[in-house]
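Let me begin by presenting the structure, written as structure tokens, before commenting on it.
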Amino acid sequence: MRASSPTPMDASVKPDIEKSFAINKSACAWTMRAMTALQARVRVNIRLHDLEQRLESGQIFLFNHFARFETFIPQYLIHQRTGAYCRSVAAREFFSEGNVFSNYLLGLGAVPNNYPNLLPFLGAEIFRGRKVIVFPEGGMVKDRRAIDDKGEFNIYSRAAKERRKHHTGAAVLALTLDAFKTGLLELEKANAVDHLSRWAANFGLDGVDALLAEARRPTLVIPSNITFYPIRVSDNLFGKLAEFFSKGKGKLRNLSEEFLIEGNILLKNTDMDIRLGIPARAHQSWSWWERKILSHLLRKTESLEEFFRKEIVASTLEDRLLHICVGRHVFSVRDAYMREMYTNVTVNLSHLASQLILSLIGAGKTEIERKRFDRILYLAVKAMQKHANVHLHDSLRNPDAYEGILEDWCEGLEQFISSATMAGLLAVDGEQYSFLPKLREEHDFDKIRIENPIAVYANEVAPIPQVKQALEGAMERADRLSEREWAEASFDDMLLSFAWGKKQFTDPRYDQINKQETATENAEPYLLLPENSNGLGIVLVHGFLASPAELRAFGQRLFQAGHPVIGVRLNGHGTSPWDLRGRAWQNWMEPVRKGYRILSAFADRVCLVGFSSGGVLSLILASEAPAKLAGVVAVSAPLKFMNRNMIFVPFVHGANRVTRWMSTMEGIMPFRENDSEHPHINYRHMAIRGLFELRRMVDEMERRLPKIACPVTLIQGDEDRIVNPKSLELMYKKLATKEKTARRVPSTRHGILNENIANTQEIVLGILADLRARQAAG
């Protein structure tokens, strides 16, 4: 049943306490400053997702409750973004007469949940421009369990020691307030100025216009979800102190657990994703006679408190009508906003891993091969990416964060496994994960966050059916996917990585450089697979400051000649110069290796064709002798540069690092302008860090040239103005392979491959034809 009457107040909370409800703006301002300073020092990363500006339009905000300190965060964010003060409903035990902390909470806008006039008081505050914050679960839900075995929404009540439905207070408040607003608008139609003026004065508003403006605003309930990631169970200072002072005492033991979990959230890198869901609009289609009755009720009602009491007590026919009209929608509104609140979870890797483990246990499994577990998990990530209506943590959108699952190292997975083994839930036996008996045990509500974080994670995503569907599909496909299907999934990660990189540098703080950029060509990587492949795949690697667009036209020629082709994008390229500034040359190497693996699934043999810096990277990879390698063609690859200022790059880079370390400055010279041959493809600004890494990469190639055993062709323009033409002879001499060729072409330009100067493309096509002939000959 829905709440029909207010809970009696404790004796310690006097009925005249409303006199103390005035918000203390000085205390609020101090708290805002303290929260801002604290946010800069703690390790929790608060990320508010409010794409529709719901903080501004909403009046009643609902949040799920998992940690104590999160009860202060919503007020802070709402005031910071909108300037509005908030009323929040807090547990009665925090309030007692004369208590300093109680007075502080009251000054911040908190109201005890057992205050008899709670709902009308909150309704009046909404008319005064305040926001209302409610935690509809009624307390902390430590196990994150929101639905029961039948799929019904309910939670565990510590007071009753059983599961119960969620509170309906927010729904009653919203629906009754909508009825009240409807009555006001009917008074406006009837030109009942005296009654409207009385109500405006009742709320302390500046006249009838202000009253009607609020009455016209839809009463929006904003269901919001807070998700923490990761949840850690390791010791921390707060936990140790709480354990020391608790010394085994009941409630203090529970507090010790809370400090352990919540201390880790504050002290260690943790993401706190706050998502504001689709508003629940508490608006009814009142019939004409219902609107007349509501207008009549407002004429003879003296206060909002009396109006709410009429809805609750329902002693007259008119009151019963109000009660029925509100009551018939309470549960549907409550269920709608609770469903929205719980399905707005920000799904992360630990959620998927936890649900997978519990699914395997449910199928009677006690262990699983690590590689199979990793394959299932990776496929589940890829499946979840297809659900646009499910919110994913950034680490499931950014391939750099999750693709290591298949390569034996993924930070998120390592953290999860470490936490689970520390809790005694998993054992890692060589190449197996073993599920320990503790996973199947029931745990005390106050201890479950420490004893079984896997259950907590799984409970949190239980309301999202797509998670279960993704895992079931992944388990079915993991053992039957072909090599090519795995490669296609990996190439999809390349596309996502490009989109992710562009998105990360759209912030206004990057505008000064970004808006001067001239590159307009499509910088996406590409995979071209001919129907009748000739068996020799080509990995095309572009140069420094460019993108896959640089060799895309040549890639099309190769594709038309029957070659499977992949054009890789070096990390930091094709997005923003700021992206390149944060990359080491090893980061450029990663997509070259990955592109090679992908193409190997579609070709019998693979040749690396790299231009400029791409040629350097191709030669470095060739020194590792990957399987299926047919040869390397390096065009305009540098060993020495024509610009003598390159010698000063390490010094400028070092000065930049020192400047950034000692101040908030970006360095004495973070970028320099680039006079590019192809401004529609290349960055206009090059990061000094990038030049420094370029020099380091060339040095690494020079060390590796003697290790290359495959066929190598070097092609160089004889009057290249960027790369010293002497590079050709120097590199040729250092190559240890017996199958090496050096070709000079007449050109003063650097871009001899993409411009096809002196038929460089035909030269390369001829080299590839020779490799194919040798391949056919065995």
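The values are calculated or read from the model by the stated rules, or taken from the named source; none is laboratory data. Source: prediction; values computed, not measured. With ideal geometry, Cβ positions are generated from the backbone for all residues, glycine too; neighbour counts draw on all protein chains shown. SASA here: full protein model, heavy atoms, side chains in, ligands and nucleic acids out. Shrake-Rupley method; radii C 1.70, N 1.55, O 1.52, S 1.80 Å.
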(request) Show which lysines lie in cross-link reach of K25 when reach means a straight Cα distance below 21 angstrom and same-chain residues fewer than eight apart are skipped. (result) K131
(message) I need the peptides 325-332, 136-143 ranked by packing, meaning the mean over residues of other C-beta atoms within 10 angstrom, with the highest value on top.
(response) 136-143, 325-332
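Can you pull out the GluC sites (Glu not before Pro) in region 292-337 that DSSP calls coil and that have at most 11 other Cβ atoms within 10 Å?
Working: sites: E302, E305, E306, E311, E318; in loops: E302.
Passing sites in region 292-337 are E302.
Please give the length that would be gained between A625 and R81 if that part of the chain were fully extended, namely 0.36 nm times their separation in residues minus their C-alpha to C-alpha distance (nm, one decimal).
On the way: separation 544, 0.36 × 544 = 195.84 nm, distance 5.57 nm.
The span from A625 to R81 would gain 190.3 nm if fully extended.
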(request) Summarise the accessible area of region 500-578 (1.4 Å probe, protein heavy atoms) by the percent that is carbon and sulfur. (result) 45 percent
(message) Cross-link candidates for K365: which lysines have Cα within less than 16 Å, leaving aside residues fewer than 8 places away along the same chain?
(response) K438
(request) For K738, list the lysines whose Cα falls under 17 Å from its own Cα; do not include residues on the same chain fewer than 8 positions away. (result) K707
(request) Give the carbon-plus-sulfur fraction of the accessible surface of region 365-484 in %, rounded to a whole number; probe 1.4 Å, heavy atoms of protein chains only. (result) 47 percent
(message) With a cut-off of 8 Å between alpha carbons and a minimum separation of six or more residues, what is the relative contact order of the chain in percent?
(response) 9 percent
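Region 450-536: which GluC sites (Glu not before Pro) are DSSP loop and have at most 15 other beta-carbon atoms within 10 angstrom? Mind dumping the intermediate values first?
Numbers: sites: E451, E460, E472, E476, E483, E485, E488, E517, E521, E531; in loops: E517, E521, E531.
Those satisfying the criteria are E517, E531.
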(request) With runs of 4+ DSSP H residues as the only contributors, calculate the mean residue ellipticity of the chain at 222 nm using -39,500 (n - 2.57) per run, divided by the residue total and rounded to the nearest 500. (result) -14500 deg cm²/dmol
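Can you work out the accessible area per residue across region 371-501, with the rest of the protein chains kept in place, probe 1.4 Å, in square angstrom? Please list the in-between numbers first.
On the way: 5630 Å² over 131 residues.
Value returned for region 371-501: 43 Å² of accessible area per residue.
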(request) Have a look at I324, M341, L298 and report the one farthest towards the positive end of the charge dipole of region 266-376, computed about the Cα centre with Cβ charges (Lys/Arg +1, Asp/Glu -1). (result) M341
(request) For region 270-419, evaluate the Debye formula with one uniform point scatterer on each Cα (no solvent term) and list log10 I(q)/I(0) at q = 0.17 Å⁻¹, rounded to two decimals. (result) -1.00
(message) If you build the convex hull over the alpha carbons only and average its shadow over all orientations, what do you get for the chain? Give it in nm² to one decimal.
(response) 40.4 nm²
(request) Using only Cα atoms, tell me the angle between helix 73-82 and the longest principal axis of the chain; keep it within 0 to 90° and round to the nearest 10. (result) 80 degrees
(request) Which order do the peptides 218-226, 615-623, 369-377 take when ranked by the mean count of other beta-carbon atoms within 10 Å per residue, highest first? (result) 615-623, 218-226, 369-377
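D718: net charge of surrounding residues, Cβ under 14 Å, Lys/Arg +1, Asp/Glu -1, itself excluded? Please report the intermediate quantities before stating the final value.
Numbers: positive: R721, K726, R743, R744, R749; negative: E719, D720, E729.
It works out to a net charge of +2.
Heavy atoms only, probe 1.4 Å: what % of the accessible area of region 260-341 goes to carbon and sulfur, would you let me know?
On the way: 2110 of 3650 Å².
Carbon and sulfur together cover 58 percent of it.
Please identify every one of the trypsin sites (Lys or Arg not before Pro) in region 423-492 that sits in a loop by DSSP and has no more than 16 other beta carbons within 10 Å of its own beta carbon. Present the calculation step by step, with values, prior to reporting the outcome.
Working: sites: K438, R440, K447, R449, K468, R477, R480, R484; in loops: K447, R480.
Passing both the DSSP loop test and the Cβ count: K447, R480.
Given the C-alpha atoms of region 504-647, compute the convex hull and give its volume per residue in Å³. Mind showing how you got there, number by number?
Numbers: hull volume 18.2 nm³, N = 144.
Once divided by residue count, the hull of region 504-647 is 126 Å³.
Relative contact order (percent) for region 672-778, with alpha-carbon contacts under 8 angstrom and 6 or more residues of separation? Walk me through the numbers on the way to the answer.
Working: 112 pairs, mean separation 23.1, N = 107.
So the answer I get is 22 percent.
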(message) What is the sum of charges, Lys and Arg at +1 and Asp and Glu at -1, for the other residues whose Cβ falls under 13 Å from the Cβ of L558?
(response) +2
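Let's see if you can work this out: charge +1 on each Lys and Arg Cβ, -1 on each Asp and Glu Cβ, no other charges. What is the dipole magnitude of the chain about its Cα centre, in debye to the nearest 20? Walk me through the intermediate numbers first.
Details: 102 positive and 92 negative charges, 162 e Å.
In debye, rounded to 20, the chain gives about 780.
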(message) Leaving out ligands and nucleic acids, and using a 1.4 Å probe, what accessible area per residue does region 70-147 come to in Å²?
(response) 33 Å²
(request) Could I get the Rg over Rh figure for region 69-191? Both from C-alpha atoms, Rh via Kirkwood, rounded to two places. (result) 1.03
